[in-house]
Amino acid sequence: MYETLCSPVDYGGLTLKNRIIFAPTSMGLPREELLARMRAIAAGGCAMIIVGDVPVQAHGFGPSLFSQKGFAFYRELADAVHAEGCKLCAQLHQSDSDLKGMLRYIPGVLTGRISKEELRPLLNAQVGPYITGLPEAKVRAITAAFGPAAERAVEAGFDMVQVHGDRMCGSFSSSVFNHRTDAYGGSAENRTRFAVEAVSAIRQRLPDLPIDYKLAVRQEDPHYGNAGVGESELPVFVPRLVEAGVTSFHVTLANHGDLSDTIPPKNHPAFGAEGCFLKFCDEVRALTDKSVCGVGGLTDPDFIEAQLRAGRIDCAAMSRQLIADPAWPEKVRTGQAGTIHRCVRCNKECLGGMMAHRGVHCIYEKTERKEHP
């Protein structure tokens, strides 16, 4: 019944056992709890896990590939995931947060004068001035850092790397944030330079490594997302990324707006439907023959099978659904789709848990604790 969904696929040069990928997610969990969660998702049958926000430099948000402790964590994670027959991808990124600028808000956050909801737009407002003012030499040093980071990722056991097309890549790509007047700003061709250099730095060091690219797309009518690539600019960005070495595209909505836009609830005014971001995949598919992975409120195996069979996407990525039920792929494979805990896209314990700094969880966890005290 789900022949395409359950069939192997060549995803950008990497053979996956089926078409289901765990989308990159900032989990906010302690190390042991995170390892257990990733192990459960791998054991549930998905083909690959993308580990979100792996910093390309020695210092950054998240475990560092260049520290003994961070490298050991990624090595342990790779071993655990591979033991379940699952591949592992490192989402390499550089933050676009102005750390010095953030300091001014710490007193307000500590005293409660600035709420968590108020803090995000304040930080987003700093992004444009920060990336616009970065010296060229520092920009080149950052893009060059993607190469050594990819090498360390491979040494740690990752099978693929993904360049995070949001964060600093996305901010350099965006005409909303990027107001530079040098070779990294102005035209769409110039604004793609940061991403192209990052991809090229990896390709020069690792000629055969599959490179995925999280292509963050900004919608203008109506406006959603502030970073990333405008829909009308995709014909400029996609060919240049392919020429630089990208072998597959993970296509989604651009960030730096409300988190409930990029992680939309069921009642979202524009993105409430199943497969809410797949229209961006259609636009990318028209521009390249490289593999395309779709994401956005995917929960229904019948819907996903239809999109895969039609050739609209090559793989389907999920985050909230695999947090709600890690065994989704295995249940589909073994004819138990009717027993899936379907994500209802309430955002209460996933996005809500992240915003409250208690980590990403699911409402089903509370139900399971009641059933199995």
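The values are calculated or read from the model by the stated rules, or taken from the named source; none is laboratory data. Fair warning: this is a prediction, and the values are worked out from it, not measured in the lab. Because the Cβ atoms are built from the backbone with ideal geometry, glycine has one as well, and the counts that use them run over all protein chains shown.
Would you say F71 is assigned to a loop (DSSP other than H, G, I, E, B), at pLDDT 95 or above and not aliphatic (A, V, I, L, M)? It is false that F71 is assigned to a loop (DSSP other than H, G, I, E, B), at pLDDT 95 or above and not aliphatic (A, V, I, L, M). Residues in region 9-60 that are closer than 13 Å to I323 by Cβ, over 13 Å from the mean Cα position of the chain (by Cα) and outside any loop (DSSP other than H, G, I, E, B): E33, L34, A36, R37, M38, A40, I41.
The C-beta contact set for region 261-280 (first residue without any contact (Cβ under 8 Å) to a residue 12 or more places away in the chain, second residue crowded, with 16+ Cβ neighbours inside 10 Å, distance under 8 angstrom, 6+ apart or interchain) comprises H268/D261; H268/C276.
Criterion applied to L241, L209, L234, L215 was being closer than 25 Å to I313 by Cα, modelled with pLDDT of 95 or more and assigned to a loop (DSSP other than H, G, I, E, B), and the one residue passing it is L209. When region 43-68 is filtered for residues that are more than 26 Å from A141 (Cα to Cα) and modelled with pLDDT under 95, nothing remains.
Please tell me if A36 is without any contact (Cβ under 8 Å) to a residue 12 or more places away in the chain and of a type outside the set (F, W, Y). Yes; evaluated as a whole, the condition is true for this residue.
A single entry from V196, V217 fulfils the requirement of being surrounded by 24 or more Cβ atoms within 10 Å (Cβ to Cβ) and either of a type in the set (A, V, I, L, M, F, W, C) or on the phi > 0 side of the Ramachandran plot (or both): V217.
Among the residues of region 237-255, those that are surrounded by 17 or more Cβ atoms within 10 Å (Cβ to Cβ) and either farther than 21 Å from M160 by Cβ or aliphatic (A, V, I, L, M) (or both) comprise V238, L241, V242, A244, V246, V251, L253, A254, N255.
Screening A227 on (1) assigned to a strand (DSSP E or B); (2) modelled with pLDDT under 95 shows it passes everything except condition (1).
Regarding H59, is this residue surrounded by 18 or more Cβ atoms within 10 Å (Cβ to Cβ) and not basic (K, R)? Spelling it out, it is not the case that H59 is surrounded by 18 or more Cβ atoms within 10 Å (Cβ to Cβ) and not basic (K, R). Listed by position, the helices (runs of 4 or more DSSP H) inside region 265-373 whose residues that are buried (at least 16 other Cβ atoms within 10 Å of the Cβ), among the hydroxyl-bearing types (S, T, Y) and in contact with a strand residue (DSSP E or B) (Cβ under 8 Å, 6 or more places away or on another chain) number at least 1 form an empty set.
Selection of region 3-48 for residues being surrounded by fewer than 19 Cβ atoms within 10 Å (Cβ to Cβ) and among the hydroxyl-bearing types (S, T, Y) yields T4, S7, T15, S26. The conditions of being touching a helix residue (DSSP H, G or I) at 6+ places or on another chain (Cβ under 7 Å) and in contact (Cβ under 8 Å) with a residue 24 or more places away in the chain are not met by V295. Checked across region 118-131, the condition of being at pLDDT below 95, hydrophobic (A, V, I, L, M, F, W, C) and over 23 Å from the mean Cα position of the chain (by Cα) holds for no residue.
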